[in-house]
Each structure stands twice: as C-alpha cells, then as structure tokens.
Amino acid sequence: MIETRELSHTYQPGSPFESAAIRSISLTIPDGTFAAIIGATGSGKTTLIQHFNGLIKPTSGQVLIDGNDINGSHADKRAVRCSVGMVFQYPEHQLFEETVGKDIAFGPKNLGLSEAECNSRVREALSRVGLEYETFAARSPFELSGGQMRRVAVAGVLAMRPSTLILDEPTAGMDPRGRRELLDLLDALHHQGATIVLVSHSMEDVANRARHVFVLSKGALAMEGAPGDIFAQADSLRALGLDVPDIARLRDQLRSRGIDLPEDAYTHEPMRRALAALWNKRGRIGENGGAAT
C-alpha cells in the first residue's frame, strides 16, 4: 500500500524561481488496485509519482509503503525501488545496452544477483510482456519497433520484480494498435497481482482501465473516487481543465434529451448494454400496442 500524508514539494525553495509543485496531498493507493492519476498539464502528477519510490524527497510530509516511511532514517531505498517500479514517459529513451537481454538484466545485476538468476529474470520479464526470449534477447533494442522497445523498457522494470508498477503517460506517441497492446499488457499484469498506477491524459484509457481515480489541480488533490463517480462530474472536471470520455459525453447528451441511461454508461460495453436494454424495452412496448418509437 502506498500512502502520502500532507505531502508537499517545492522546487528551488528560497530562490526567485521557487515553485510549489504539490501541496499537502494525502492519499492512499491500496495494494492490488489499478489506480489512475489525472490532471491538466502542470498539475503536479509527475512530481507526485516521483515521491512514490523515493526518486525525490518531500519538502514536507511523508510517503509510506506498507506503513513504513520511505524517507525515514532507517529506510532501505534499494528495497523501495525494487518494490515500486517506475516507467517514465517515452521509456524507450532509457534503453542503452547492446542487446535486449543485457538491457533487461542491468537492474538485477546491480542487485548483485548471479548470472543464472539474472538470465532467469530476463526470460521471465520478456515472457510477461509477450516477447519470446529466443527471438529478442540477443537483438539490439534499437532494431525493434516502437511498441517492442516500450515493452522491453517495461520488462527492464519487471525484472526487478516490483509489486507496484507506476507509469507516466506510457502510451504517449504510440499508434492505436501499440497503445491498445500496451494497455492490455497493463491489464494482464494487474490480473497477475501487480498494483498499477497510471498517469494519463486520456480519459478513455482511464475510464476503461482504472478502478480508482485521483484528480490533481494546481498541485493539490481536487477529487478522488471510482471512475463512474468522477466522470459523473463533467462540469467540475471541465473547470479543472479536463474533460470526460467521449462515451460519457454521449451519455450526458442523451440524458439531456430525456433518455434514461445509468451512471456506469461511461465506457463502450455498459453503454451498449444500456442502449440494447432500451431498444428491447421499446420493442416490447410496441408489441403490446403502445408506441414503439
């Protein structure tokens, strides 16, 4: 479980360029969930997640992993970073070794693991991201497609066997197929037991994948809750510089015309079911002599 208590971070404090990036944020991300963090550009999303595995220290407040302050005097930062893996935006830019296998093995080698254990972790990580060891391990990462490079970058984090995976705009710049494949991969990792924390500007991705949403605005936590609860507050989101998914917008437009649709009709499948139910209901009314229009 990741918890923050009154977490604040100020860049260049005491200088003319002092800037408060996040302000007194208190939140809890339960173990095993798929959470999303959204907010307009400059809302503090990236600064917040960099605290989750100790990449930066808070100006004030605490970050706790399973109840332990990761910035405490006896904290083991290496253990924290093994437990909480971070995938940055455009993670393929982090690839640097001559082969895929060596790149993925870099983290485990730094832990002092044996060659056999490192190789085992490379095989396991490639398998988890849907790439065959025999096909990809000996290839240069710079010969791969953009989607494959991103999978290799994720595999390098998974080789550390984190229980939590944090991703900052992981689908940025990807084509629709690569985007869908990467998001499907995150779903699969979540179903395997990983906690996923996704930072995204795509309301569709958040609506279709997340189970809990945190909304940041000007460095503060403005809203949090289940996606359906968040996307039911379209006016509040727009006031924060955000919007709702296209399906939620369609739901609200149809409601304004008197069509009764449930709150959970903010993604494709619930909307399809709701419209099918309305169609069937109207058909039954027509069969009984009423108006079928």
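The values are calculated or read from the model by the stated rules, or taken from the named source; none is laboratory data. Being a predicted model, the structure only gives us computed values, none of them experimental. Methodologically, a virtual Cβ is constructed for each residue, glycine included, from the backbone with ideal geometry; neighbour enumeration extends over all protein chains shown.
Points to keep in mind about this one:
- Extreme residue, nearest to the chain's Cα centre (by Cα), among residues of region 134-143 that are assigned to a loop (DSSP other than H, G, I, E, B) and surrounded by 15 or more Cβ atoms within 10 Å (Cβ to Cβ): Ala137
- Condition met for Asp187 (more than 17 Å from the chain's Cα centre (by Cα), of a type in the set (Asp, Glu) and not in a loop (DSSP other than H, G, I, E, B)): no
- Candidate set from region 134-149 (those that are small (Gly, Ala, Ser) and under 17 Å from Gly173 (Cα atoms)); member that is modelled with the lowest pLDDT: Gly146
- Residue among Leu48, Leu7 that is over 29 Å from Asp184 (Cβ atoms), in contact (Cβ under 8 Å) with a residue 24 or more places away in the chain and not in a loop (DSSP other than H, G, I, E, B): Leu7
- Residue list for region 107-119, filter: surrounded by 15 or more Cβ atoms within 10 Å (Cβ to Cβ) and either touching a strand residue (DSSP E or B) at 6+ places or on another chain (Cβ under 7 Å) or not basic (Lys, Arg) (or both): Gly107, Pro108, Leu113, Cys118, Asn119
- Of the criteria (1) out of contact with any Gly (no Cβ under 8 Å at 6 or more places or on another chain); (2) farther than 27 Å from His9 by Cβ; (3) outside any helix (DSSP H, G or I), which one Tyr266 fails: (1)
- Close pairs (8 angstrom Cβ cut-off, 6 or more residues apart or separate chains): crowded, with 18+ Cβ neighbours inside 10 Å in region 207-230, assigned to a loop (DSSP other than H, G, I, E, B) and of a type in the set (Phe, Trp, Tyr) anywhere: Ala207/Tyr266; Pro227/Tyr266
- Leu131, sole failed condition from (1) in contact with a strand residue (DSSP E or B) (Cβ under 9 Å, 6 or more places away or on another chain); (2) surrounded by 15 or more Cβ atoms within 10 Å (Cβ to Cβ); (3) not in a helix (DSSP H, G or I): (1)
- Scanning region 49-59 for residues that are assigned by TED's automatic domain parsing to the domain that holds Ala137 and over 23 Å from the mean Cα position of the chain (by Cα) turns up at least one hit.
- Test for Gln50: is it farther than 14 Å from Pro162 by Cα, buried (at least 17 other Cβ atoms within 10 Å of the Cβ) and not hydroxyl-bearing (Ser, Thr, Tyr): yes
- Qualifying residues in region 91-118 (those that are of a type in the set (S, T, N, Q) and part of a helix (DSSP H, G or I)) - the one modelled with the lowest pLDDT: Gln94
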